[in-house]
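Written below as structure tokens is the structure these notes are about.
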Amino acid sequence: AVVSTQSGHYGRGCGVCTRVVDAKETFYEKDGRPVCHRCQTKNFVAKCGVCQDPIIGNRLIYQDTHYHYTCVNCKKCGQPFKEAQHDSIKILQNGDFVHDTC
């Protein structure tokens, strides 16, 4: 339902937490209902397999588990990965991530 906010702008209630999503605020849609940014990241965005925080943007994915690049270290040199290194990351048979130069 469309509701009036305290700022006088019209918005819609979040379909998850029922908080009013101001018309100026970024909101998402899930199953035809508006969803506020907080509920979108908490409930509908993949979580990192290491830190459990939501992942917004690019990520490493292995066997349906998502990772922030900086949460995964090379098993050989110990350095964290960078997004720009995506094409040079190898995944070993045991699931370890390594730089292809290590």
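The values are calculated or read from the model by the stated rules, or taken from the named source; none is laboratory data. Bear in mind the structure is a predicted one, so any value in this text is a computation, not a measurement. Neighbour counts run over all protein chains shown; Cβ positions are idealised from the backbone, glycine included. When the accessible area is computed, the model is the full protein with side chains, heavy atoms only, and any ligands, DNA or RNA have been set aside. Shrake-Rupley method; radii C 1.70, N 1.55, O 1.52, S 1.80 Å.
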Please give the per residue accessible area of the chain, computed with a probe of 1.4 Å over protein heavy atoms only, in Å².
68 Å²
Sorted by accessible surface (1.4 Å probe, heavy atoms of the protein chains only), largest first, L60, L92 come out as L92, L60
Once you've got the Cα coordinates, tell me which of K47/K75; K30/K82; K47/K82; K24/K47; K42/K76 are over 29 Å apart.
K30/K82; K42/K76
In sequence order, calculated HN-Hα J values of region 52-68 (Karplus, 6.51, -1.76, 1.60; Hz; x Gly/Pro):
6, 7, x, 10, 10, x, 6, 7, 8, 10, 9, 6, 6, 9, 9, 9, 5
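What do the square roots of 5 times the Cα gyration tensor eigenvalues come to for the chain, in whole Å, largest first, as semi-axes of the equivalent ellipsoid?
Largest first, the chain gives 40, 12, 9 Å.
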State, to one decimal in nm, how far the label point of H37 lies from the label point of H86, with both points 7 Å from Cα in the Cβ direction.
2.3 nm
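Hey, what number do you get for the chain at 222 nm if only DSSP H runs of n ≥ 4 count, each worth -39500 (n - 2.57), divided across all residues, to the nearest 500?
After summing the helix terms and dividing by residue count, I get -1500 deg cm²/dmol.
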What percent do you get for the relative contact order of the chain when only Cα pairs under 8 Å and 6+ apart count?
13 percent
The long-range amide H neighbours of C48, using H built 1.01 Å from N in the peptide plane and a cut-off of under 5 Å, are D53, I55
How large is ³J(HN,Hα), in whole Hz, for each residue of region 86-97 in order, when computed from phi with the Karplus curve 6.51 cos²θ - 1.76 cosθ + 1.60 and θ = phi - 60°, using x for Gly and Pro?
3, 6, 10, 9, 10, 10, 6, 4, 7, x, 6, 9
Interchain or long-range residues, amide H under 5 Å from K76's placed H:
H99
Taking amide hydrogens as modeled 1.01 Å from N in the peptide plane, which residues meet the under 5 Å criterion relative to G13, leaving out close sequence neighbours?
V3, V21
Report in % the part of the accessible area of the chain that belongs to carbon and sulfur, leaving out ligands and nucleic acids; probe 1.4 Å.
47 percent
